[in-house]
Amino acid sequence: MEEENLAEKLFKLNSSINEWLTDTRVLVDQIKARQDPRRQFNLWRNSSEGKNWKRRQHSKQDRKCALCADYVHISRAHIDHIKPIAKYPDLALALDNLQLVHPQCNLTKGTTTAPASKFQESDRTLEHRDGNERRN
Ligand SMILES: [Zn+2]
C-alpha cells in the first residue's frame, strides 16, 4: 500500500533525524568542552581516569589536605588547581597542577596561586610511596 510505504519512510526519516540530532549534540558538547577549560576539567574529573587519578593522588598525599596537611576523606576532598584555571587555562588538566584539599581550604585560597605544595615531589619518590601504601 502507498500509505504504509509513506508512513514507513517518514518513520525512517524521523529516526535518522533523531540520530543526527544526538550525534550533533555530542559534537557540540565536545566542542564546548574544548573551548572551556573548566568544563573540560569537570568532564575529566567525572571520568574513570579522573576518579583513578584522585585515588592515586589521595594516597600520594598520605590522605592529607595539600593546604593545611590535616586528614581529608577522599569523598570530601576537592581537586584544587595550584595555578588557578582563571589565570592559567592551559593548565586545567595538567596533573602536576592538581592537588587534593579540603573544600574549606580551597575556598579560603580562592583564585590565588598556592605556595609550592609539599607534595610536589619527584615522580620516582611518589611511585615508591604509592607502592608502599597500597597495602593499607
Ligand atoms: Zn585543608
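The values are calculated or read from the model by the stated rules, or taken from the named source; none is laboratory data. Model, not experiment: these values are computed from the prediction. Here Cβ is always computed from backbone atoms with ideal geometry, including for glycine, and neighbour counts include all displayed protein chains.
How many residues are at pLDDT below 90 and among the acidic types (Asp, Glu) when one looks only at segment 1-35?
Qualifying residue count, segment 1-35: 4.
Test of understanding: among HIS78, HIS58, HIS102, which residue is within 9 Å of the ligand (Cβ to nearest atom), surrounded by 13 or more Cβ atoms within 10 Å (Cβ to Cβ), at pLDDT 95 or above and not hydroxyl-bearing (Ser, Thr, Tyr)?
Of HIS78, HIS58, HIS102, the one residue that is within 9 Å of the ligand (Cβ to nearest atom), surrounded by 13 or more Cβ atoms within 10 Å (Cβ to Cβ), at pLDDT 95 or above and not hydroxyl-bearing (Ser, Thr, Tyr) is HIS102.
Taking TRP44 as the residue in question, decide whether it is within 17 Å of the chain's Cα centre (by Cα) and among the hydrophobic types (A, V, I, L, M, F, W, C).
So TRP44 fits the description; yes.
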